[in-house]
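The values are calculated or read from the model by the stated rules, or taken from the named source; none is laboratory data. Treat the numbers as computed from the prediction; the structure is a model and nothing was measured. Note: ideal-geometry Cβ built from the backbone for every residue, glycine included; neighbour counts use all protein chains shown.
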Amino acid sequence: MQEALAEYLRHLSLEKNASAHTVKSYREDLTQAIDFFRTRLGNEAPRPEQLTTRLLRAHLAWLSEQGYARSTIARRLAALRSWCRFLCRQGTLSANPALGLRGPRQDKRLPHFVSREDMMRLLQTPPAATPLGLRDRAILETLYSAGLRVSELTGLNVEDVELADGVAMVRGKGRRERLALLGPPAVSAIQRWLPERENLAGPHAAHQPALFLNRNGTRLTSRSVGRLLEKYLAQAGLDPRTSPHTLRHSFATHLLDAGADIRSVQELLGHRSLATTQVYTHVNTQRLRESYHKAHPRA
């Protein structure tokens with residue numbers, strides 16, 4: 001199974017263009033499953049041919065007994081399904097043992113988002129008188145203006161941004177490329193940051209393509225973006241649950257609130273499926289319901 005897993009991970013990386021983060025997650029999830037299979041089968045070197053629906057179901061039951069969240073179990077089931085499909089295509093398995101498995105019912109959680117007023121307060125919090133303050137303003141403006149994932153933001157290079165046109169070429173999940181739109185405040189913030197970026201990069205500027213740099217003049221990481229957001233949330237007195245991805249949720253929610261077409265929002269977010277985008281219409285419905293019950297005399 002370990003050899004079959006290694007081959008599958010190579011397939012994900014080289015043929016499916018999966019991100020390093022995705023490959024890492026699948027490796028961890030499936031390695032844990034193989035360890036369970038080894039214990040359950042009493043075999044130090046289990047073979048893929050020994051995979052059965054009963055064995056997979058036992059693993060899911062074990063995950064539930066260990067207290068894993070439903071969302072985690074669903075993700076690990078998705079990894080098993082994908083791996084089993086690959087083994088069937090390779091001819092290693094004659095039938096897919098994961099076909100009959102159903103994941104746990106998921107709790108329907110509406111995405112957390114920031115109100116327009118709080119968003120404006122957050123965007124004005126980074127100081128405009130320091131190089132890193134200008135960088136942080138540009139980061140927050142870009143995240144919110146374009147609705148980017150944090151990995152998409154940190155992956156931006158200077159050459160990806162066309163400030164005159166207000167667009168950025170973004171590489172999203174599966175390395176799919178799309179054009180993201182930058183509003184005038186984001187364009188202005190990036191323009192003010194670029195001279196400071198050159199100073200920060202120093203003599204290595206010509207060899208450092210990243211748009212956003214850390215103090216050492218190297219590419220900023222997703223974790224660093226999360227930390228700087230935490231700092232400004234505390235300074236602005238805003239909800240500490242807010243994450244960089246919350247700004248993406250806020251981007252979509254504010255667009256739909258203002259009457260944007262849901263398919264346009266789908267394109268801007270880079271969602272492959274409209275169903276993924278439709279969660280934001282549920283946010284709007286909930287807010288309408290709250291307003292109705294608050295204001296209607298017969299509600």
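Where residues in region 93-129 are of a type in the set (S, T, Y) and at pLDDT below 95, which of them is nearest to L269 (Cα to Cα)?
S115
Please name all residue pairs, on different chains or six or more residues apart, with Cβ atoms under 6 Å, provided the first residue is in region 254-270 and is assigned by TED's automatic domain parsing to the domain that holds R289 and the second residue is outside any helix (DSSP H, G or I) and not polar (S, T, N, Q).
L268/G147; L269/G147; G270/G172; G270/R178
Condition (residue is closer than 24 Å to R215 by Cβ, in a helix (DSSP H, G or I) and either in contact with a Phe, Trp or Tyr (Cβ under 6 Å, 6 or more places away or on another chain) or among the β-branched types (V, I, T) (or both)) applied to region 160-170: is it met by at least one residue?
Looking for residues that are closer than 24 Å to R215 by Cβ, in a helix (DSSP H, G or I) and either in contact with a Phe, Trp or Tyr (Cβ under 6 Å, 6 or more places away or on another chain) or among the β-branched types (V, I, T) (or both), one finds none in region 160-170, hence no.
For region 239-260, enumerate the residues that are outside any helix (DSSP H, G or I) and either charged (D, E, K, R) or over 22 Å from the mean Cα position of the chain (by Cα) (or both).
D239, R241, A258, G259, A260, listed by residue number.
Hey, among the residues in region 228-238 that are assigned to a helix (DSSP H, G or I) and of a type in the set (G, A, S), which one's nearest to the chain's Cα centre (by Cα)?
Top of the filtered list is A234.
Out of region 180-213, which residues are loosely packed, with under 15 Cβ neighbours inside 10 Å and not in a helix (DSSP H, G or I)?
Residues satisfying the conditions are L181, G183, P209.
What are the residues in region 59-91 that are among the hydroxyl-bearing types (S, T, Y) and farther than 22 Å from E15 by Cβ, if any?
Answer for region 59-91, where residues must be among the hydroxyl-bearing types (S, T, Y) and farther than 22 Å from E15 by Cβ: S64, Y68, S71, T72.
Can you confirm whether region 129-145 contains a residue that is touching a residue at least 24 places away in the same chain (Cβ under 8 Å), of a type in the set (A, V, I, L, M) and over 30 Å from L213 (Cα atoms)?
Within region 129-145, none of the residues are touching a residue at least 24 places away in the same chain (Cβ under 8 Å), of a type in the set (A, V, I, L, M) and over 30 Å from L213 (Cα atoms).
Quick one: what pairs do we get from region 197-217, first residue assigned by TED's automatic domain parsing to the domain that holds D136 and basic (K, R), second in a helix (DSSP H, G or I) and at pLDDT 85 or above, C-beta under 8 Å, 6+ apart or different chains?
Short answer, once both residue conditions are applied: R197/R135; R197/V158; R215/L132.
Going through region 17-58 one residue at a time, which ones are touching a Leu at 6+ places or on another chain (Cβ under 9 Å) and among the polar types (S, T, N, Q)?
Those that are touching a Leu at 6+ places or on another chain (Cβ under 9 Å) and among the polar types (S, T, N, Q): T22, T31, Q32, Q50, T53.
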